[in-house]
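Here is the structure we will look at.
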Amino acid sequence: SAAVEELITPPIEVTYTKNLINGHFVDAASGKTFPTYDPRSGEVLAHVAEGDAEDIDRAVAAARKAFDEGPWPKMTAYERSRVLLRFADLVEKHNDEISALESWNNGKPFEQAAKAEVPMLARLFRYYAGWADKIHGLTVPADGNYHVQTLHEPIGVAGQIIPWNFPLLMFAWKVGPALACGNTIVLKTAEQTPLTALYVGRLLLEAGLPPGVLNIVSGFGPTAGAALASHMDVDKLAFTGSTNTGKIVLELAARSNLKPVTLELGGKSPFIVCEDADIDHAVELAHFALFFNQGQCCCAGSRTFVHESVYDEFTEKAKARALNRIVGDPFKKGVEQGPQIDSEQFKKILKYIKSGVESNATLECGGERFGSKGYFIQPTVFSNVQDDMLIAQEEIFGPVQTILKFKEIDEVIRRANASKYGLAAGVFTKNIDTANTLTRALRAGTVWVNCFDVFDAAIPFGGYKMSGIGREKGIYSLSNYLQVKAVVTALKKPAW
Ligand code: ADP
């Protein structure tokens, strides 16, 4: 079925393309720019200041000053909270422009950005605004005549490196908690998607964020990103991206000043459909779990394990659903799937599809590019996938569903856990005992039962094994951005 109605007619204006340092939009120190693209066509959308080590230095200096001299960490928590709340209001006010820019630069459906992601950006900031004035230490009973308390202090200058698949949500997960705790920030956006962070960075200034508190540098990983990870004056590093790059930044952090690092990395998440599951519901959610955001989710349900007794029915229906998926211009109403982010990802995905065919998995549908321009790929389903095939082991990060067959619960637990990753898992069953067995046994940071991709500001997210270190969102994110200071004061005589 085709989507018809055009929602918005780009070009939307691109207003902010320079680095945001100390409250001003400035050119790169080198004067260089790099192109950013519209993935629908591969055409250049804007030229953006190309940050490098020198720009990172300037941004860190601004963040350092804003931290050491204030006003941000010295403002009352209530005042900080109000800035975040005003920002959330501005985000809602500008939902259409922000969503359009996100869709234009990333290729995701405009409706997805407008109905889910931009509202979630506002929601996350309101959630963390709520925490700002509720962060406090403890009074600790200790042996001897001492009054002991802990102070929960901001950690300092936070360096944050984010990817291109959810530019605004990654901004929210990183910037929200760091600001609520009173830190200052240098954010390095992904080279593919620099635009929306600059736009909302401007809104934070309008909301009353003092200059230097949030600095945003656009640029490439090995230059700007590496400079940030290895900077001696950065007190904490938060990274989301691939497992390989995670290893690099962890090493850079260790080699420089041992800044603590949180990592949110890749995944190959199992989605387990038991024999007693509601099959139609499981088919729909397995489809969503894999194809959402063009398959570009670190937590995608990318190994669909289906019990042998329902395997044929499930596969038939999964194929029918994929064939019905509406692919097209992300600005059109009803479109479920836009283009992949860039030609590199596009080629990589097609290579994985080829490898699936060569390894004798059954190609149920799709398998080729969609249309003749841009980076669109047909929704693709493989059945008869075996654990040792490349498509069952590596992160494809595209619209390619792989369906595997299982017999026993113990067997599927063993196979689901036989991965270097451990980000998420989905479990579909009506049996509470089966659900309990699986949720306890699966080695993953999130287990969704009869649902998938449920994200809420309060629910922590992160990975076991090589899917990462630490948790983001919820109360758990706060500890990433706080130092604990124990203050021990001798008492002249026992207080009681
Ligand atoms: P992807 O494969 O999803 O593009 P990456 O891990 O390469 O994942 O990218 C995620 C983020 O990490 C981006 O902002 C990118 O610029 C940055 N990055 C890539 N390489 C490095 C590096 N060597 N040092 C620091 N950051 C990097």
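The values are calculated or read from the model by the stated rules, or taken from the named source; none is laboratory data. Owing to the predicted nature of the structure, the values given are computational and were not obtained by experimental measurement. Every residue, glycine as well, gets a Cβ built from its backbone with ideal geometry; the counts of neighbours run over all protein chains shown.
Scanning the range 424-480 for residues that are assigned to a helix (DSSP H, G or I) and without any contact (Cβ under 8 Å) to a residue 12 or more places away in the chain, we see that the one that is farthest from ALA129 (Cα to Cα) is ASP433.
Restricting attention to the range 168-192, report how many residues are within 10 Å of the ligand (Cβ to nearest atom) and either in contact with an Asp or Glu (Cβ under 8 Å, 6 or more places away or on another chain) or among the basic types (Lys, Arg) (or both). The number of residues fulfilling the criteria is 2. Considering (1) in contact with a helix residue (DSSP H, G or I) (Cβ under 7 Å, 6 or more places away or on another chain); (2) at negative phi; (3) of a type outside the set (Ser, Thr, Tyr), the lone condition that GLY366 does not fulfil carries the number (2). Within the range 221-256, the only residue that satisfies the criterion of being within 10 Å of the ligand (Cβ to nearest atom) and among the acidic types (Asp, Glu) is GLU251. Please verify whether GLY338 is in contact with a helix residue (DSSP H, G or I) (Cβ under 9 Å, 6 or more places away or on another chain), at pLDDT below 95 and under 27 Å from SER99 (Cα atoms), treating the condition exactly as stated. Answer is no for this residue. Of the residues screened, LYS259 is not one that is within 10 Å of the ligand (Cβ to nearest atom) and either basic (Lys, Arg) or over 24 Å from ALA29 (Cα atoms) (or both).
The residues of the range 212-222 that are surrounded by fewer than 17 Cβ atoms within 10 Å (Cβ to Cβ) and either under 24 Å from ARG80 (Cβ atoms) or in contact (Cβ under 8 Å) with a residue 24 or more places away in the chain (or both) amount to a single one, PHE220. Just checking, does the range 265-274 include any residue being within 16 Å of the ligand (Cβ to nearest atom) and among the aliphatic types (A, V, I, L, M)? Checked against the condition, which is being within 16 Å of the ligand (Cβ to nearest atom) and among the aliphatic types (A, V, I, L, M), the range 265-274 yields at least one hit.
Right, GLY470: farther than 20 Å from ALA286 by Cβ and in contact with a Leu (Cβ under 6 Å, 6 or more places away or on another chain) or not? So GLY470 does not fit the description; no.
Yes/no per residue for (1) surrounded by fewer than 23 Cβ atoms within 10 Å (Cβ to Cβ); (2) in contact with an Asp or Glu (Cβ under 8 Å, 6 or more places away or on another chain); (3) within 26 Å of ALA277 (Cα to Cα):
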{"site": "CYS298", "(1), (2), (3)": "no, yes, yes"}
{"site": "GLU316", "(1), (2), (3)": "yes, no, yes"}
{"site": "PRO330", "(1), (2), (3)": "no, no, no"}
{"site": "THR362", "(1), (2), (3)": "yes, no, yes"}
{"site": "GLY371", "(1), (2), (3)": "yes, no, no"}
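Against the conditions (1) part of a loop (DSSP other than H, G, I, E, B); (2) of a type in the set (Ser, Thr, Tyr); (3) away from the ligand (no atom under 16 Å from the Cβ), TYR375 satisfies every one except (3). Would you call ASP388 in a loop (DSSP other than H, G, I, E, B) and out of contact with any strand residue (DSSP E or B) (no Cβ under 8 Å at 6 or more places or on another chain)? Here the answer is yes, as ASP388 does meet what is asked. At positive phi and touching a His at 6+ places or on another chain (Cβ under 8 Å) - does that describe any residue in the range 439-454? Scanning the range 439-454, I find at least one residue that is at positive phi and touching a His at 6+ places or on another chain (Cβ under 8 Å), so the answer is yes.
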